Amino acid sequence: MNDLNKKFTFSKNSDEMSALTGQIDRVTFVNEETGYTVAKASVDGYAEPVTIVGRLLSLAPGEILEMEGTWKNHPKFGRQFHVLNHRSILPATIRGIRNYLGSGLVRGVGPVMASRIVKKFGERTLDIIDNHVRKLAEIDGIGPKRVDMIRKAWAEQKEIRSIMIFLQEHGVGPGHAAKIYKQYGQRAVAVVSQNPYRLATDISGIGFRTADRIARRLGFEKNAPVRAEAGILHVLGQLTSEGHVHYPYERLVDMCGEVLELDRETLVRAFGVIALEGRIVVEDLNEALEGFEPSLKAVYPAALHVSETGVAAHLNRLISSKKGVRRMDADKALQWVNGRINLRLAPLQSEAVKRSIQEKVLAITGGPGTGKTTIIQAVIQIYGAVGARIELAAPTGRAAKRMMETTGHVARTIHRMLEFSWRQGGFQRNEDRPVDADMVIVDEASMIDTPLMYHLLKAMPPGVTLLMVGDAHQLPSVGPGNVLGDIIRSGSIPVVELKEVFRQASESLIIVNAHRINRGLLPEGADSQGDLRDFYFIEQDDPDSALQLIKELVGKRIPERFAMNPMKDIQVLSPMHKGVVGTLNLNAVLQDELNPSGSGIVRGERQYRLNDRVMQIRNNYEREVFNGDIGLIRSVDLEKQEMVVAYEDRPVVYPFMDLDEIVLAYAVSVHKSQGSEYPAVVLPLLPQHYMMLQRNLIYTAVTRGKRLVIVVGSKRALAMGVKNDRVAKRYTYLAERLRAF
């Protein structure tokens, strides 16, 4: 038996260290956070490519690795070489150089351009790029701009590679290396060495746990003051992401002790330090000496304390100021507008219109079909007749567009109305340069979180009349706070609640059932699978069967029966991210069903294909795309290492290193759907969603559908959610602050 056969008949796991040198043929899997990689490599003496696995650098096809490791037999994937140590060698062969350059590692060089360069310069290619880069201009298609791009990218790549070697030694996956370099440049190693916890606050996608792991490898002790301080901010940040504006001090200390495994003395000292530094605010919530409780303290991230106190102060300022428009007779104005819009307003609608004339600040709340849009139209007519300057705004681009379509009046996002500029450092409209308006109407007010409401109110001139319109029964904002709910609960701001569902709206079972759900009643027709016009309940208790049914509904049945485009008109909503019918699995299944092929890119476990439906998952003020925005992938450029996503036909460019900002959006969470409307909504509700099954979640999901809502799931889960009217508590103090004025 020769040596080659010996290698392939070896069947047992071996702990003996072996050495291999191989050229990377392809990378089949990468976990960008941990760096765990699976790749195929050509190794001399082996008839077939060898599977290598381990925490490897950002591999590129064509690279040559010197590796040390052990052979293992995987029960499913067979024989693998587990790499424990490795060193990257720049490729020496023509094929290797071509593959290396064309891998996308160097921006500005793709597979086609790499072939041209290697054809021209052969084995001298890497020396040319290193020392004579201007010679690349001799190749067709490479002009001075492309030469500069390649020169910069090549230099960056080499710098990033050295940084990646350092970071990998201390537990950082290669997926974050480019971001760390982009943030800190040549200071990256120094910054990480001095305080690795900065990564958790400075770099998107790197959390405290990753930073903590790096710190421990760098020798930081568990009870190091910098760890305790960063850990407190991490835990408080997690609570903020759940919607809390503050958190009770004693509960927070206990939680930090459990998460960080630190004693109370160390934590109390750390709380004191970050409070003195102004990173948090610890506020005593006792309102009187009588019944004083020493532990009644709230801990705020400093920015949220500024926002919440600012919202209360600015609302009080507006209420206390005189109207900027001339006084009007509310009864006469109402009579005039009734004739003007050729429609007699219902009693509560009339009250809302009159109060908008009389009050400086007014909140109007009501469910679908209760006439909120008619009120806005009437108010626009009245204020327009007296020459008032009117601004319409909404929290999202989708909501603003819908507002403009229903009113015929220009509407903008709050960010655009406040002239947000990333380059100029934030909102350009503020106390010193307020919005030029006498009347501001804000729709979908339930979506406005505490920081955004603060910036909105700061930019309101003293004489403005502010009308906030929304549905208080929907889920609260994705961001921290429950502003509309707190304003209503405070009793300090005038509120009109619309309850009557109008005849035309009552013909829609979507609207009828939304109001039934809001009252704790099961939807009408929930026991039937017949033709329910625009609302269906299809009973299915088994998750796998429900998944197949949803795939069939979205891919075939809804498009055929209702003439809808599955890529644009149908939105699957899910209560959760995990599970068989969670958003993660639904997106993978629906992507293969609706967009099975096409050019794209793989990033770890995520695949992005041309024409995929995607959603932005965090605010990016530089690109002017915000959490929840949905678009379509219009191009994937491997040479430039970037992707273009169209949002409402506005192209936005994403370098590949920033693709963790977007996810597939064939299915999204109910929370992310707020402020949106879709022609068709498909909603799975199964018992395994029990942690999330509550009335306002189901109500919010159903009210997202315009022409069709299909609920797929069990009667038990539906009943469980509709009966559960307990709203998850959010710690805020806005209502109390408003009452104090």
> With respect to residue 304, is the statement that it is assigned to a loop (DSSP other than H, G, I, E, B) and surrounded by 17 or more Cβ atoms within 10 Å (Cβ to Cβ) true?
Replying inline: no
> What number of residues within the range 557-567 satisfy the criterion of being assigned to a loop (DSSP other than H, G, I, E, B) and either without any contact (Cβ under 8 Å) to a residue 60 or more places away in the chain or of a type in the set (S, T, N, Q) (or both)?
Replying inline: 3
> Is the range 266-277 home to any residue that is within 27 Å of residue 454 (Cα to Cα), acidic (Asp, Glu) and at pLDDT 95 or above?
Replying inline: yes
> Within the set of pairs 6 or more residues apart or between chains, which connect a residue that is farther than 30 Å from residue 110 by Cβ and in contact (Cβ under 8 Å) with a residue 40 or more places away in the chain inside the range 45-73 to a residue that is part of a loop (DSSP other than H, G, I, E, B) and open to solvent by less than 40 Å² (accessible area, probe 1.4 Å) with Cβ atoms less than 6 Å apart?
Replying inline: 70/14; 71/14
> If you take the residues in the range 686-741 that are small (Gly, Ala, Ser) and out of contact with any helix residue (DSSP H, G or I) (no Cβ under 9 Å at 6 or more places or on another chain), which one is most open to solvent (accessible area, probe 1.4 Å)?
Replying inline: 728
> What number of residues within the range 307-350 satisfy the criterion of being in contact with a Gly (Cβ under 7 Å, 6 or more places away or on another chain) and surrounded by fewer than 20 Cβ atoms within 10 Å (Cβ to Cβ)?
Replying inline: 5
> Do we have any residue at all in the range 630-637 that's part of a loop (DSSP other than H, G, I, E, B), out of contact with any helix residue (DSSP H, G or I) (no Cβ under 8 Å at 6 or more places or on another chain) and of a type outside the set (Ser, Thr, Tyr)?
Replying inline: no
> If a residue has to be among the hydroxyl-bearing types (Ser, Thr, Tyr), open to solvent by 10 Å² or more (accessible area, probe 1.4 Å) and over 32 Å from the mean Cα position of the chain (by Cα) to count, how many in the range 100-115 make the cut?
Replying inline: 1
>> Let me confirm something: among 296, 276, 289, which residue is of a type in the set (A, V, I, L, M), open to solvent by 30 Å² or more (accessible area, probe 1.4 Å) and under 19 Å from residue 730 (Cα atoms)?
In response: 296
> Considering the range 613-629 alone, what residues qualify as being closer than 25 Å to residue 670 by Cβ and outside any strand (DSSP E or B)?
Replying inline: 617, 618, 619, 626, 627, 628, 629
> Looking only at helices (runs of 4 or more DSSP H) that fall completely inside the range 64-154, which ones have 3 or more residues that are more than 29 Å from residue 18 (Cα to Cα) and touching a helix residue (DSSP H, G or I) at 6+ places or on another chain (Cβ under 6 Å)?
Replying inline: 111-121, 125-131
> Which of (1) more than 38 Å from the chain's Cα centre (by Cα); (2) open to solvent by 20 Å² or more (accessible area, probe 1.4 Å); (3) among the small types (Gly, Ala, Ser) is the odd one out, the single condition residue 88 does not satisfy?
Replying inline: (1)
> Can you name every residue in the range 116-143 that is open to solvent by less than 70 Å² (accessible area, probe 1.4 Å), more than 40 Å from the chain's Cα centre (by Cα) and over 21 Å from residue 95 (Cα atoms)?
Replying inline: 137
> Would you pick out the residues in the range 326-352 that are touching a residue at least 40 places away in the same chain (Cβ under 8 Å), out of contact with any helix residue (DSSP H, G or I) (no Cβ under 7 Å at 6 or more places or on another chain), in a loop (DSSP other than H, G, I, E, B) and not charged (D, E, K, R)?
Replying inline: 346
>> Checking the conditions here, which among 355, 416 is closer than 25 Å to residue 313 by Cα, assigned to a helix (DSSP H, G or I), open to solvent by 20 Å² or more (accessible area, probe 1.4 Å) and without any contact (Cβ under 8 Å) to a residue 40 or more places away in the chain?
In response: 416
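The values are calculated or read from the model by the stated rules, or taken from the named source; none is laboratory data. Note that the structure is predicted; figures quoted are calculated from it, not measured. We place every Cβ from the backbone using ideal geometry, glycine too, and count neighbours over all the protein chains shown. We work out accessible area using only protein heavy atoms, side chains counted, and drop any ligands, DNA or RNA first. Shrake-Rupley method; radii C 1.70, N 1.55, O 1.52, S 1.80 Å.
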